[in-house]
Amino acid sequence: MKTLIKNGIILTTENEFKSDVLIIDEKIAAIGENLPADGVDRVIDAEGKYVMPGGIDQHVHYSFVYKGSRVRGFETTNAAAVGGTTTVIEFVNQEKDRGLIESIEDYKEKDVDGIAMVDYAFHIVMTDPRPEVIKEIPKLAEAGYPTLKLFLAYKGQFFHADDEAVINALTAGKEAGITIMVHAENADMVDYLTKKLIAEGKTGTYYHAVSRPPIVEAEATRRVIYLAEMVNAPIYIVHVTCKEALEEIKAAYQKGQSVYGETCAHYLLFDESVLDLPNFEGAKYVCSPALRTKDHQEPLWEAINKGWLNAVSSDHCGFDFEYQKHLGFGEGKSFADVPNGAPSVQNRLNALWTYGVCTGKLSKQRFVDVMSTSPAKVNGLTEKGHIAVGYDADIVVFDPDYRGVMGVESCLEGVDYSIYEGMEQKGRPETVLLRGQVIVENGQYVGKQGQGKLIKGKPFGSAYDKFKG
Ligand SMILES: [Zn+2]
């Protein structure tokens, strides 16, 4: 099968140039001007459009369970596809009394195989740091799952990790090239503030932000950077949201330590005032870490531009607003009962383009880097995230002239709300190819379930760039 994309403007992290792209089967086979169309099965005219690598969302939750209810799963990954994301990387919790690799493989077999509509990879979340489990960490490299996450937040939950678990993971993982990722919030500080606020009757959704202020994130970020320094291992901080945590990352980065992080689109676009929306609507924005005041946004854009943060993810987590209401609204309930999450996988590229590229905050090159190229490198996906010969033909033909409005009506996430409801959208992925197959045409999903496949990651991802062993 041969496909030719004609006349588009190719975007990479370095360049922007008019060229054709020839795809043979699943791979990019040639890039050049006026490539001949002889023997080609399909020609896509990309005149006036950008041709960029498919998005890689390295932070999604399709398997998260809270109080017995599970988020929308891989059956809704067509939402990623129409949003221009061709690979998602799922956090899988290690199951009780089970190993790391078997927890991932069980989940894959039960809930992903034959269902996924985009390609996928996995991060394991270590929930049970027994000595046997620590010993298993280096084996993740060969199994193709070279990243492991720990939750410092969420005191009392089974997935909460202490400093000892972090130290053990860092030391066990570094020789094998496993990237240790952390959700950096001080669980005891959050617990103290939560109890205090509830005792004072401050139970509304706005107090979610008050219960986990920037200092909570800054403390945990500084602490894990010190832990990583002590054992000389790289560390990756997921969803960085505030100036104070950025200062810690920047200082370590400039000192030569292998410390990297990501942020999420909603921290760039929203501030904590939305948590105060009436009729419990603030619950739609309850996620952790919490949204911040506006003055944190410029430093986040700067951090993306300078590379202290190298990815913008969605932290997609699809709980219905109705479910949030059911658990968190009414007599005796509080912000602390609201399931956390920001369903947003579909509009990650649209939001970043509209409010980053179109406002001049982000160059098109940095856009490509943070939404695709860097996440591929962080996770060892060596054939994804770039428009070049030999790479997977995961390609977005992006129409910059499209105008629309984001919202639940056009959303395939399967959730009863969108955090981007009513917001203006400039540009959209018009055609999306997944390993050479067209899965989105004219902005509509045209692929089929099960088309996505597991992409195994290679160890020593880009967090190891400065690592000297
Ligand atoms: Zn998350």
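The values are calculated or read from the model by the stated rules, or taken from the named source; none is laboratory data. This one's a predicted model, so the numbers in the text were calculated from it and none came from an experiment. Note: ideal-geometry Cβ built from the backbone for every residue, glycine included; neighbour counts use all protein chains shown. In case anyone asks, the SASA skips ligands and DNA or RNA and just uses the protein heavy atoms, side chains included. Shrake-Rupley method; radii C 1.70, N 1.55, O 1.52, S 1.80 Å.
Just name the residue that is farthest from the ligand (Cβ to nearest atom) out of those in region 284-318 that are among the aromatic types (Phe, Trp, Tyr) and at pLDDT 95 or above. First the steps, then the outcome.
Here is the first cut: in region 284-318, the residues among the aromatic types (Phe, Trp, Tyr) are 285, 301, 308.
Subsequent filtering for residues that are at pLDDT 95 or above retains 285, 301.
Numbers: TYR285: 15, TRP301: 21 Å.
Among those residues, the one meeting the criterion is TRP301.
What's the number of the condition LYS174 fails, among (1) within 16 Å of the ligand (Cβ to nearest atom); (2) open to solvent by 10 Å² or more (accessible area, probe 1.4 Å)?
Only one criterion in (1) within 16 Å of the ligand (Cβ to nearest atom); (2) open to solvent by 10 Å² or more (accessible area, probe 1.4 Å) is unmet by LYS174, namely (1).
Which residues, taken from region 22-42, are under 16 Å from ILE439 (Cα atoms), open to solvent by 60 Å² or more (accessible area, probe 1.4 Å) and out of contact with any Lys or Arg (no Cβ under 6 Å at 6 or more places or on another chain)?
The answer is ASP25, LYS27, ARG42.
Of the conditions (1) of a type outside the set (D, E, K, R); (2) out of contact with any Pro (no Cβ under 9 Å at 6 or more places or on another chain); (3) more than 20 Å from SER63 (Cα to Cα); (4) buried (at least 24 other Cβ atoms within 10 Å of the Cβ), VAL338 satisfies every one except a single condition; which number is it?
(3)
Does at least one position in region 418-439 carry a residue that is out of contact with any Asp or Glu (no Cβ under 6 Å at 6 or more places or on another chain), open to solvent by 70 Å² or more (accessible area, probe 1.4 Å) and among the polar types (S, T, N, Q)?
Yes, the conditions are met somewhere in region 418-439.
Mind checking which residues of region 180-197 are within 16 Å of the ligand (Cβ to nearest atom) and not in a loop (DSSP other than H, G, I, E, B)?
So the first thing to find is which residues in region 180-197 are within 16 Å of the ligand (Cβ to nearest atom), and the list is 180-185, 187, 190.
Of everything in region 180-197, those that are within 16 Å of the ligand (Cβ to nearest atom) and not in a loop (DSSP other than H, G, I, E, B) turn out to be ILE180, MET181, VAL182, HIS183, ALA187, VAL190.
For residues in region 59-103 being at positive phi and surrounded by fewer than 24 Cβ atoms within 10 Å (Cβ to Cβ), which is farthest from the ligand (Cβ to nearest atom)?
Taking region 59-103 as the starting set, the residues that turn out to be at positive phi are 67-68, 84, 97.
Retained after the next criterion (residues that are surrounded by fewer than 24 Cβ atoms within 10 Å (Cβ to Cβ)): 67-68, 97.
Numbers: LYS67: 17, GLY68: 19, ASP97: 24 Å.
Restricting to residues being at positive phi and surrounded by fewer than 24 Cβ atoms within 10 Å (Cβ to Cβ), the top hit is ASP97.
Inside region 440-469, can you point out the residues that are open to solvent by 30 Å² or more (accessible area, probe 1.4 Å) and either among the polar types (S, T, N, Q) or modelled with pLDDT under 95 (or both)?
ASN442, GLN444, GLN449, GLN451, ASP465, LYS466, PHE467, LYS468, GLY469, listed by residue number.
Tally the residues that are closer than 17 Å to TYR260 by Cα and either small (Gly, Ala, Ser) or away from the ligand (no atom under 16 Å from the Cβ) (or both), restricting the search to region 148-166.
Summing the residues that are closer than 17 Å to TYR260 by Cα and either small (Gly, Ala, Ser) or away from the ligand (no atom under 16 Å from the Cβ) (or both) in region 148-166 gives 1.
Being open to solvent by less than 20 Å² (accessible area, probe 1.4 Å), in a strand (DSSP E or B) and either in contact with a Phe, Trp or Tyr (Cβ under 6 Å, 6 or more places away or on another chain) or away from the ligand (no atom under 16 Å from the Cβ) (or both): is that true of ASN350 here?
Working: open to solvent by less than 20 Å² (accessible area, probe 1.4 Å): yes; in a strand (DSSP E or B): no; either in contact with a Phe, Trp or Tyr (Cβ under 6 Å, 6 or more places away or on another chain) or away from the ligand (no atom under 16 Å from the Cβ) (or both): yes.
Against the criterion (open to solvent by less than 20 Å² (accessible area, probe 1.4 Å), in a strand (DSSP E or B) and either in contact with a Phe, Trp or Tyr (Cβ under 6 Å, 6 or more places away or on another chain) or away from the ligand (no atom under 16 Å from the Cβ) (or both)), ASN350 does not qualify.
Among (1) farther than 22 Å from ALA311 by Cβ; (2) within 21 Å of the chain's Cα centre (by Cα), where does ASP399 come up short?
So the condition that ASP399 fails would be (2).
Out of all the residues in region 88-123, which are of a type in the set (Gly, Ala, Ser) and in contact with an Asp or Glu (Cβ under 8 Å, 6 or more places away or on another chain)? Don't jump to the end; show me each part of the working.
If we filter region 88-123 for residues that are of a type in the set (Gly, Ala, Ser), which is where we start, we get 99, 103, 114, 116, 121.
Of everything in region 88-123, those that are of a type in the set (Gly, Ala, Ser) and in contact with an Asp or Glu (Cβ under 8 Å, 6 or more places away or on another chain) turn out to be GLY99, SER103, ALA121.
Search region 315-335 for residues being more than 24 Å from ALA187 (Cβ to Cβ) and either in a loop (DSSP other than H, G, I, E, B) or without any contact (Cβ under 8 Å) to a residue 12 or more places away in the chain (or both), and hand back the single one that is least open to solvent (accessible area, probe 1.4 Å).
GLY318
Looking at LYS384, is it under 22 Å from the mean Cα position of the chain (by Cα) and surrounded by 24 or more Cβ atoms within 10 Å (Cβ to Cβ)?
In short, yes.
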